[in-house]
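Engineer: My structure is below; once you've seen it, I'll send some questions.
The values are calculated or read from the model by the stated rules, or taken from the named source; none is laboratory data. None of the values given here were measured: they were computed from a predicted structure. Note that each Cβ is placed from the backbone with ideal geometry, even for glycine, and that neighbours are counted across all protein chains shown.
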Amino acid sequence: MPDGHAEVARELVVPTMRDGRIVSILGVGNKPTNYNEQDIDLVAYVADVVWEIVERRRTEEAIRQSNAELQARNEELDAFGHTVAHDLKNPLNNIIGFSYVLEDQENPPSEEEALQMVQIIKQLGLKMDNIIEELMLLAGLRRAEVKMHPLNMASIMTDIKRRLAPMINESHAEIVYPERWPEAMGYAPWVEEVWINYISNAIKYGGQPPHVELGIEENDDSIRFWVHDNGPGLTSEKQARLFKPFERLDQTHLSGFGLGLSIVQRIVDRMGGEVDVESTGVAGEGSTFSFTLPVVQDQPHNEERRVEQIS
């Protein structure tokens, strides 16, 4: 410096306090003279105003996001109610109709007709019970807290075969399974429901007779499990709509498609995986539905991954 003295940098740092703690700090500097009380009061005022603006914008953004989530929830609830009403009312109406026929004393059905009606009522009742079970599972996904374990997929598949045996036998479906199952992390009851939805859809919407192939694809940090059918396939437009909540692709065909896949997506999301569908849309080439799960990392056997509760 010309006078041989080092220049002194004068800086003023003022904190903003809220509830006895520092929430922000505003600093100014390079004033040629010392700061006085008026300077301090001015900077403190500016710091306070800046903090209020920032907080207001954060609050507005939080409100906007909350409103968007609330609107999405309301739309989903409307779709949910419509789907439930549709899926439950149709079999219920049929049950009521058959009941009237069975109790008709003037024109009673034959013994064979009555037996057929009772069997249909039983099937409809089982269908309604399955819908209610799915609804309970879907509702529980919002609040359930589960632990992720290494999965014994072969054991899970044994239970799935037992549950789907009537459908497989009735449809004469051929199902091809992998020779081995790699170990993935997940929650077994949820993973079983994913498989049940995928395989049952492959049977219902597949070819005649259904040919269903199950497969795996191992990656570094995840395992992709897939189900391929021999059905008519899905157009790009249908694929884009497929996993939207409560979407039903074909109102005139078998119902329940959208509710099941909505559950699948939520389950897999909760376990840290992803769902997908691939299809050329060409009849006979079918579709491939898949989901991923994390691989089992090198860790102590008793170490678990917790799926935290969500709102």
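Engineer: Quick one: which strands (runs of 3 or more DSSP E) lie wholly within region 122-239 and hold at least 1 residues that are under 21 Å from LEU261 (Cβ atoms) and basic (Lys, Arg)?
Structural biologist: Working: elements: 146-150, 174-176, 211-218, 222-228.
Filter on region 122-239 gives 222-228.
Engineer: Looking at the structure I just gave you, is ASP276 under 17 Å from ILE199 (Cα atoms) and at pLDDT 75 or above?
Structural biologist: Values: under 17 Å from ILE199 (Cα atoms): yes; at pLDDT 75 or above: yes.
Taking the combined requirement at face value, the residue satisfies it.
Engineer: When only residues in region 296-307 that are touching a strand residue (DSSP E or B) at 6+ places or on another chain (Cβ under 6 Å) and either at pLDDT 80 or above or part of a loop (DSSP other than H, G, I, E, B) (or both) count, which is surrounded by the most Cβ atoms within 10 Å (Cβ to Cβ)?
Structural biologist: Our first condition is that a residue be touching a strand residue (DSSP E or B) at 6+ places or on another chain (Cβ under 6 Å); within region 296-307, this holds for 296, 304-307.
Imposing the further condition that a residue be either at pLDDT 80 or above or part of a loop (DSSP other than H, G, I, E, B) (or both) reduces the set to 296, 304.
Details: VAL296: 18, GLU304: 14.
The selected residue is VAL296.
Engineer: Here's another thing I want to ask about it. Going through MET117, MET136 one at a time, which residue ends up being among the aliphatic types (A, V, I, L, M), modelled with pLDDT under 90 and farther than 21 Å from PRO294 by Cβ? First the steps, then the outcome.
Structural biologist: On the way: MET117 fails: modelled with pLDDT under 90.
Matching residue, one of MET117, MET136: MET136.
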